[in-house]
Amino acid sequence: AQTVTQSQPEMSVQEAETVTLSCTYDTSESDYYLFWYKQPPSRQMILVIRQEAYKQQNATENRFSVNFQKAAKSFSLKISDSQLGDAAMYFCAYRSASSGGSNYKLTFGKGTLLTVNP
Amino acid sequence: GAGVSQSPSNKVTEKGKDVELRCDPISGHTALYWYRQSLGQGLEFLIYFQGNSAPDKSGLPSDRFSAERTGGSVSTLTIQRTQQEDSAVYLCASSLGRTAAQHFGDGTRLSIL
């Protein structure tokens, strides 16, 4: 079974600065997807960024980028120019890409609570 | 509506009562998922629907939990004889297909007294 570990329960960053959230995962599969979701107090899980394991290039989405290290099974999220609206719980998630398997199920880490200080 | 809609937003009930949680997915999304988010366990997968059928119910924690989906649209998660450990946020998500990006609702916060 796959597991996702977020070792930082809480992080804080000053507005306009950069912060990196860590995520590691364990899998025996070679093809999979990794995600970062943001959950503000409204509770809705919002997809921030997605990475396909077969792609070597790191995904970016505006101020959000990832550092995907497949051999190390590491998938960190970098938020640049942090804004007050970035304050939320951030979840790292894994999904298999193998056909016929549980390739619909998201496996989540425990989350990292990000505080942005003005 | 444009997004996944869940109701009620909050539900408080007494131990032993039955509760029904509703999820209205994004129009056209054939896949629907229920997850549970609790302090001790984090986010856990409960059940997956493709159309009206549920190929994977493996995450349902006990036989007190059941779910159905009708007309390939609205889904209801039912918890019978609620226990205090059922207190959690129940999140619903939908997607165009089983491998497409999942879009989540705001969840139902269930509190068992």
Quick one: dipole size for segment B:1-97, taken about the Cα centre, charges +1 on Lys/Arg Cβ and -1 on Asp/Glu Cβ, in debye to the nearest 20. 80
For the protein assembly as shown, go through all pairs of different Cα atoms, get the mean of 1/r, take its inverse, and jot down that Kirkwood value in Å. 18.3
When the convex hull of the Cα atoms of chain A is projected onto a plane and the area is averaged over all directions, what value comes out in nm²? 7.0
Using a 10 Å cut-off on Cβ to Cβ distances, tally the other chain neighbours for every residue of B:95-103 and report the average as a whole number. 4
Cα-Cα over 32 Å, subset of A:55/A:110; A:78/B:57; A:110/B:11; A:110/B:17: A:78/B:57
Excluding ligands, DNA and RNA, what is the solvent-accessible area per residue of chain A at a probe of 1.4 Å, expressed in Å²? 48
Quick check on packing: order B:53-63, A:71-81 by the mean number of other C-beta atoms within 10 Å, highest mean leading. A:71-81, B:53-63
Within 10 Å of each Cβ of B:37-43, how many other protein chain Cβ atoms are there on average? 4
Taking all protein chains as present, what is the carbon and sulfur share of the accessible area of chain B, in % to the nearest whole number, probe 1.4 Å? 45
With +1 assigned to the C-beta of every Lys and Arg and -1 to the C-beta of every Asp and Glu, and no other charges, what is the dipole magnitude of chain A about the Cα centre in debye, to the nearest 20? 300
For segment A:1-115, give the percent of accessible area contributed by carbon and sulfur heavy atoms, probe 1.4 Å, rounded to a whole number. 45
Please state the Cα pair-distance histogram of chain B with 10 angstrom bins from zero: what percent is in each bin? 16, 51, 29, 5
In chain A, with Lys and Arg counted as +1 and Asp and Glu as -1 at Cβ, which of these residues, A:88, A:42, A:18, has the Cα nearest the positive end of the dipole, that is, farthest along it? A:42
Roughly how many whole Å is it from the C-alpha centroid of segment A:22-36 to that of segment A:75-101? 11
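The values are calculated or read from the model by the stated rules, or taken from the named source; none is laboratory data. Everything quoted here is computed from the prediction, not taken from an experiment. Backbone-built Cβ (ideal geometry, glycine too); neighbour counts: all protein chains shown. Each accessible area value is taken on the protein alone, full model and side chains, heavy atoms only, with ligands, DNA and RNA left out. Shrake-Rupley method; radii C 1.70, N 1.55, O 1.52, S 1.80 Å.
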